[in-house]
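Visitor: Structure incoming, see below.
Every number in this text was worked out from the coordinates using simple rules, so none of it is lab data. Because the structure is predicted, anything quoted here is derived from the model rather than measured. So basically every Cβ, Gly included, is an ideal-geometry build from the backbone, and we count neighbours across all protein chains shown.
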Amino acid sequence: MKTIDADLLAAQINGYPSAHVKQPYIRCAFTLGSSSYDYSYIPGASTNRITALQHKEVFSDNPTETATIVLRNNDLLVPNLSGYYVDLEYGLKTSAGNKSELANRLWVIGQQEVSKSKILSGKADIKVYVSLQGGWDVLFEQLCLIGNPPFYRDESGVLRDKTVYQCLEYLIETTLSLATADTWTLDALAVDDGVINTLIPWPTGADWNLINANSLDSNDENAGFESIGKVIMRLMGMTSCYLRVLPDMHFEVVYPQSTDAVDETYYSSLADGHVFYENTETKSYTRPNHIIVYGNDADDWANYARGDAYSTDFDNMPYAVIGIETASALTTESECDALAKAYLDKYKSAAFSGRTVVPMDFRVELFDKIAVLDARGS
């Protein structure tokens, strides 16, 4: 959860200049080198170009367009913004002036110009739809090119004997930074699920490669080439943690747990605090509900180590649904147990989902824990 300016917090909860009245302020300047176009939305201004904006934040192995900004262009002065970046700031008019909070950097990947005839609208109506992508999309756009061409299989072993976190650090701060000619960073690890800073996915002696491992299995030179994002998702899948994109082009590892304190609370009554418009909760059984991890392939799996993890609702299920993973680098039962729990945590997180619609809250971040308190009903 972000800690935001006190005036901005008061305006988003209570409204300004009168109760429950909120006047949005959006800082929006597109930049490319020394060129910049400021299309900020100013409360009360008659020259505002922004007519609509949709912005999504994701943690997914299938990222899509992150944001769309619709600009009024009746004067035909909006240029081709492809390649520009924008650091959006979302805010409100407050008792101390316009205040805002910085969001993640976005890059323009394309735009459309839409012109409606006066016959339909009764007036000139020309708009530009600007499509943007964020840091998570960039991860999946850049190939993981570590090692020698043409197969880039990390022949020198820069990822060998590194923990999951250390691999993430190298992939983001070195590989991604080199690929994009920008500086990306990963925050120091502030959480530990017992795996991310312990498990070594590619130990010395392993007779396989950590990245682009299928490149030699096909005559197609591009077969098996992975993006940086795909490798990172595979590494994060071995843990109970998630990766969050933050402003200023850096990432943060988070470890959500059921015992975490509530970050934001939304209410059904305006008198109680920040309200919600609609809340939907979906609950289901965890599937699979029993994870088995086999480790220690030193002697062709003749004397494997085994770890097990069971979901908390396992005893209430009509039958077991087993998931099996192998981890040749692990040699003890306790290590396999820890990894089995990490895999199970990801399945458990998918067993509960929700959709909460609220007036803009500048504090909330991906993977925050929220509470929705509905005073209605019996």
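Visitor: Please give the length that would be gained between L77 and R363 if that part of the chain were fully extended, namely 0.36 nm times their separation in residues minus their C-alpha to C-alpha distance (nm, one decimal).
Guide: Extra length from L77 to R363 when fully extended: 99.5 nm.
Visitor: If I take every Cα pair under 8 Å that is 6 or more residues apart in the chain, average their sequence separation and divide by the length, what percent do I get for the relative contact order? If you can, show how the numbers build up before the last one.
Guide: Working: 779 pairs, mean separation 56.5, N = 378.
The value is 15 percent.
Visitor: So, one more: Quick one: longest stretch of the chain between exposed loop GluC sites (Glu not before Pro), exposed meaning at most 12 other C-beta atoms within 10 Å and loop per DSSP?
Guide: Counting at most 12 other Cβ atoms within 10 Å as exposed, the longest clean stretch of the chain is 222-378.
Visitor: Next question. Which of the lysines could a cross-linker bridge to K346, judged by Cα under 28 Å and excluding same-chain residues fewer than eight apart?
Guide: Of all the lysines, those that pass the test against K346 - Cα under 28 Å, at least 8 places apart if same chain - are K2, K56, K162, K230, K283, K369.
Visitor: Sticking with this one: Just want to confirm a number: the relative contact order over segment 290-349, from Cα pairs under 8 angstrom separated by 6+ residues, in percent.
Guide: Result for segment 290-349 is 47 percent.
Visitor: Let me ask you something else. Once Rh is set to the Kirkwood radius over Cα pairs, what Stokes-Einstein translational diffusion coefficient, in µm²/s, holds for segment 126-187 at a temperature of 25 °C and a viscosity of 0.890 mPa s? Write out the running numbers ahead of the final one.
Guide: On the way: Rh = 13.3 Å.
It diffuses with D of about 184 µm²/s by this estimate.
Visitor: Here is a follow-up. Which aspartates and glutamates have a Cα lying under 19 Å from the Cα of K99, excluding residues fewer than 8 positions away in the same chain?
Guide: D5, D7, D38, D87, E89, D248, D361, E365
Visitor: Based on alpha-carbon positions alone, could you give the equivalent ellipsoid semi-axes of the chain from the gyration tensor, as √(5λ), descending, whole Å?
Guide: 43, 29, 18
Visitor: Give me the lysines in straight-line cross-link reach of K116: C-alpha distance below 23 Å, same-chain residues under 8 apart excluded.
Guide: Output for K116: K127.
Visitor: Still on this model: Mind checking the angle between helix 333-349 and the chain's longest principal axis? C-alpha axes, 0 to 90 degrees, to the nearest 10.
Guide: Taking the Cα atoms of the chain, the angle to 333-349 is about 30 degrees.
Visitor: Kirkwood-based Rg over Rh for segment 239-281 (C-alpha set), two decimals?
Guide: A ratio of 1.11.
Visitor: Residue by residue through segment 283-291, what is 3J(HN,Hα) from phi via Karplus (6.51 cos²θ - 1.76 cosθ + 1.60, θ = phi - 60°)? Round to whole Hz and write x for glycine and proline.
Guide: 10, 8, 6, 6, 9, x, 10, 9, 10
Visitor: If you don't mind, there's one more thing I want to ask. Output needed: percent of Cα pairs per 5 Å distance bin for segment 78-127, bins running from 0 to the one holding the longest distance.
Guide: Computed distribution, short to long bins: 5, 15, 14, 12, 14, 16, 16, 8, 1.
Visitor: Continuing with this model, one more query. For each of L143, L199, count neighbouring Cβ atoms within 10 Å of the residue's Cβ, then give the residues from fewest to most. Don't skip to the answer; put the middle values down first.
Guide: On the way: L143 18, L199 23.
Least to most surrounded, the residues fall as L143, L199.
Visitor: Next question. Counting other beta carbons within 10 Å of each residue's own, what order do W136, W202, W301, W107 fall into, fewest first?
Guide: Ascending Cβ contact count within 10 Å gives the list W301, W202, W107, W136.
Visitor: To continue, here is another question. Can you give the net charge of the other residues whose Cβ lies under 12 Å from the Cβ of N197, counting K and R as +1 and D and E as -1?
Guide: That works out to -2.
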